[in-house]
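The values are calculated or read from the model by the stated rules, or taken from the named source; none is laboratory data. Quick caveat, the model's predicted, so the values are computed rather than measured. Quick reminder, even Gly has a Cβ in these numbers, built from the backbone with ideal geometry, and neighbours come from all protein chains shown. Ligands, DNA and RNA are excluded from the accessible area calculation, which covers all protein heavy atoms including side chains. Shrake-Rupley method; radii C 1.70, N 1.55, O 1.52, S 1.80 Å.
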Amino acid sequence: MPPFVRYLIFIVVAVIIFVVAFLLGVMYRKKIAESEISSAEEEAKRIINDAIKNAESKKREALLEAKEEIHRNSTEFEKEQKERRAELQKQERRIMQREEILEKKSDTLDKKNDNVTKKISELDAAKEEIAAVKKSQMEMLEKISGYTVEEAKAYLISNVESEVTHEVALKLKEADTHYKEEADQKAREYISQAIQRCAADYVAEATVSVVPLPNDEMKGRIIGREGRNIRSIETLVGVDLIIDDTPEAITVSSFDPVRREIARIALEKLIVDGRIHPARIEEMVEKAKNEVDATIKSEGDRAVFETGVRGLHPEIIKLLGRMKYRTSYGQNVLNHSIEVSHISGLLAAELGADVTLAKRAGLLHDLGKAIDHEVEGSHVEIGVELARKYKESEAVVHAIQAHHGDVEPKTIVACIVQAADTISAARPGARRENIENYIKRLEKLEELTNSFKGVSSSYAIQAGREIRIMVKPEDVSEDEMTILAHDIAQKIEAELEYPGQIKVNLIRETKAVEYAK
């Protein structure tokens, strides 16, 4: 048998064996599946029966619970309904009682209205009767007195006015005397304590600087050929050099005290150096400026250190230093500000006010004077703007604004600074006043006093510390003198500026002249 045939027979036999094995496996799996399906059906039937039994038992339990819940809810609802009915019945009874009370009140009000109406009619009748009686009495009084009603009113008013004027004058005089005595005593105590604890020496300062020369020959060297040296100094610094017949001295004049100081230092350096020409002058002026700037900074720091005021803006400290070269009536403004700060602190301590705030406001009260020759406006307005610019508190700004009475002081610190400023300026030797300004002040005082009705003449005496006033006796009574003196004092305070205080002295004289023949 050929090999190919054997190989083919082998393949056919193998395929037949595989098919038989496959059929046997399928039959075996079918039997196993049929047995599993039958067991699963039995298990499913058992589960369904158990589920039906459980469902029926739960259904019965749910029905029982529902019936119990319905019974409980119906019981509670019936109970709530009973309670609501009872509450409604109570409210109905209350409403009925209120209606009965209102009906009774309404009846009572009706009766009262009837009574009031009767009384009103009776009052109207009585008024008419009174008016008739009053009219007849007035006519009778007019006949008896000989005065009409208007004349009698005028007579009574004039009598009452004179009595009231007398009483007002007495009360005003008593109150004025009492409060003046008490205020004077307290003020003397506080001020004397503050002044004793803050004494200071004063040296009058001029508005010009005098530079001493080693000899008169130096004048020619300072002037230079055709005046080139003096013109160079005046141009660089902005001052006027006055070279006159005064031996061995040159006067430096300028409205700006800082420029004047720079010129003075530069001249002193040039005189010591001996080399005087435009280039050297420019160099010395620059050195003098640096020296003055350093002095300004150190003086500002000194003021802050002496007063103990902290937290000031650096620019404010520089402005304080500039006040070293500023004078007011011959008084150095920086020393004056330091003293006002000390006095303000002492007065604040006596009065129980804020000492730190008072010292700060006292030190800065004249801040505007540092640049008032460069900026338009009064030193008060400039000081207020500077204080606000550098974030000072409103209390300090108000104290600066009120220290000369430009606005009414509203805080105790403002009043303290105002008083301390007056104390520092009014000390003997602290300030000097120009004779022309002094005369104008006295003339204005007399002119203001003469403007009042009833004043015949007035005289400013004791260097303006007292105004003596002669009044017309026919125009001003004894009682009106107190009121007139009070009005004059108030007008002087409102319109004039003066150191210390002014005594208002009224004199009323009655003269009788007769001639024996």
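Side notes on the structure shown:
- Criterion: buried (at least 16 other Cβ atoms within 10 Å of the Cβ) and over 26 Å from Ser253 (Cβ atoms) - qualifying residue of Leu334, Leu347, Leu319: Leu347
- From the options Gly405, Gly377, residue that is open to solvent by 30 Å² or more (accessible area, probe 1.4 Å), over 20 Å from Thr327 (Cα atoms) and at pLDDT below 85: Gly405
- Gly345 over 24 Å from Arg259 (Cβ atoms), touching a Gly at 6+ places or on another chain (Cβ under 8 Å) and either of a type in the set (Asp, Glu) or touching a residue at least 40 places away in the same chain (Cβ under 8 Å) (or both): no
- Close pairs from the stretch 286-309: first open to solvent by less than 80 Å² (accessible area, probe 1.4 Å), partner among the acidic types (Asp, Glu) and modelled with pLDDT under 90, Cβ under 6 Å, at least 6 apart: Val292/Glu261
- Residue-level check: of (1) under 30 Å from Ala402 (Cβ atoms); (2) surrounded by fewer than 15 Cβ atoms within 10 Å (Cβ to Cβ); (3) in contact (Cβ under 8 Å) with a residue 12 or more places away in the chain, Ile502 misses just (2).
- Test: residue in the stretch 226-233 that is among the acidic types (Asp, Glu), over 15 Å from Val211 (Cα atoms) and free of Cβ contacts under 8 Å to residues at least 24 places away in the same chain: yes
- Condition met for Lys359 (of a type in the set (D, E, K, R), in contact with a Gly (Cβ under 7 Å, 6 or more places away or on another chain) and either modelled with pLDDT of 90 or more or crowded, with 19+ Cβ neighbours inside 10 Å (or both)): yes
- Residues in the stretch 430-472 that are modelled with pLDDT of 75 or more, surrounded by 12 or more Cβ atoms within 10 Å (Cβ to Cβ) and closer than 26 Å to Thr327 by Cβ: Arg441, Leu442, Lys444, Leu445, Gly464, Arg465.
- When every residue of the stretch 212-220 is checked against the conditions, none turns out to be modelled with pLDDT of 85 or more and charged (D, E, K, R).
- Scanning the stretch 313-339 for residues that are within 18 Å of Ser393 (Cβ to Cβ) and either more than 29 Å from the chain's Cα centre (by Cα) or touching a residue at least 40 places away in the same chain (Cβ under 8 Å) (or both) yields a count of 5.
- Arg228 being among the charged types (D, E, K, R), surrounded by fewer than 21 Cβ atoms within 10 Å (Cβ to Cβ) and within 45 Å of the chain's Cα centre (by Cα): no
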